[in-house]
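Enquirer: Sharing a structure below in structure tokens format, with a few things to ask.
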Amino acid sequence: VANTIAVKTVKSCREQGIRISVTVVDRNGIIQAQLRDTTAPPVSLGISEKKAYTAAMFNAKGSQLAGRANSPLQTLGAGLAFMAGSTPIQAAGRMYGAVGVSGAPDGKVDEGCAIAGVESVMDDLQMQ
């Protein structure tokens, strides 16, 4: 499922002419799948990981966490990224993990691609 989410996320952004990196983590923030589109900026890979980890730890979309960017949490150096570009993976009342995306000119575009990736497997997750 994680690989499918990653591939569909890259495809969603690619259809918009945007090359991104995507990281899918489990509910503990451990990487399950990670992809970088061929011409995505190399720095985007690490950023996507931080976005996914943050969404998993707070069970919230990155856009919902942006207000915490100036909080003391940001100074802890705990691999957190309080910015748009991630979404939790939730279905049937369970939180499975999260997806983080980086590379688009705007974090909301990153987040939209992450949501598209999750939506591509929603039927499978609902059955579990």
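The values are calculated or read from the model by the stated rules, or taken from the named source; none is laboratory data. Small disclaimer: the values here were computed from a predicted structure and weren't measured. Here Cβ is always computed from backbone atoms with ideal geometry, including for glycine, and neighbour counts include all displayed protein chains. Note: accessible area is taken over every heavy atom of the protein model, side chains too, but ligands, DNA and RNA are not part of it. Shrake-Rupley method; radii C 1.70, N 1.55, O 1.52, S 1.80 Å.
Enquirer: Quick one: what pairs do we get from the range 15-33, first residue over 18 Å from Thr54 (Cα atoms) and assigned to a loop (DSSP other than H, G, I, E, B), second among the polar types (S, T, N, Q) and open to solvent by 60 Å² or more (accessible area, probe 1.4 Å), C-beta under 6 Å, 6+ apart or different chains?
Expert: That search, which allows pairs on different chains as well, returns Arg19/Thr39.
Enquirer: Moving on to the next point. Is it the case that Ala40 is closer than 12 Å to Val101 by Cα, without any contact (Cβ under 8 Å) to a residue 60 or more places away in the chain and not in a strand (DSSP E or B)?
Expert: So Ala40 does not fit the description; no.
Enquirer: Another question about this same structure. Suppose the filter is of a type in the set (A, V, I, L, M), free of Cβ contacts under 8 Å to residues at least 12 places away in the same chain and open to solvent by 40 Å² or more (accessible area, probe 1.4 Å); does Ile47 pass it? Steps first, answer last, please.
Expert: On the way: of a type in the set (A, V, I, L, M): yes; free of Cβ contacts under 8 Å to residues at least 12 places away in the same chain: no; open to solvent by 40 Å² or more (accessible area, probe 1.4 Å): yes.
In short, no.
Enquirer: Name the helices (runs of 4 or more DSSP H) wholly within the range 57-128 that hold at least 3 residues that are surrounded by fewer than 19 Cβ atoms within 10 Å (Cβ to Cβ), among the hydroxyl-bearing types (Ser, Thr, Tyr) and at positive phi?
Expert: Those helices (runs of 4 or more DSSP H) do not exist here; none qualify.
Enquirer: For the range 104-125, give me each residue that is touching a helix residue (DSSP H, G or I) at 6+ places or on another chain (Cβ under 7 Å), closer than 13 Å to Ala2 by Cβ and either free of Cβ contacts under 8 Å to residues at least 60 places away in the same chain or not aliphatic (A, V, I, L, M) (or both).
Expert: Across the range 104-125, the qualifying residues are Gly117, Ser120.
Enquirer: When you look at Leu65, is it in contact with a Ser or Thr (Cβ under 7 Å, 6 or more places away or on another chain), modelled with pLDDT under 95 and under 18 Å from Glu111 (Cβ atoms), yes or no?
Expert: Criteria met by Leu65.
Enquirer: Could you pull out the residue among Thr9, Thr4 that is surrounded by fewer than 17 Cβ atoms within 10 Å (Cβ to Cβ), part of a helix (DSSP H, G or I) and of a type in the set (Val, Ile, Thr)?
Expert: Thr4 is the lone residue from the list that is surrounded by fewer than 17 Cβ atoms within 10 Å (Cβ to Cβ), part of a helix (DSSP H, G or I) and of a type in the set (Val, Ile, Thr).
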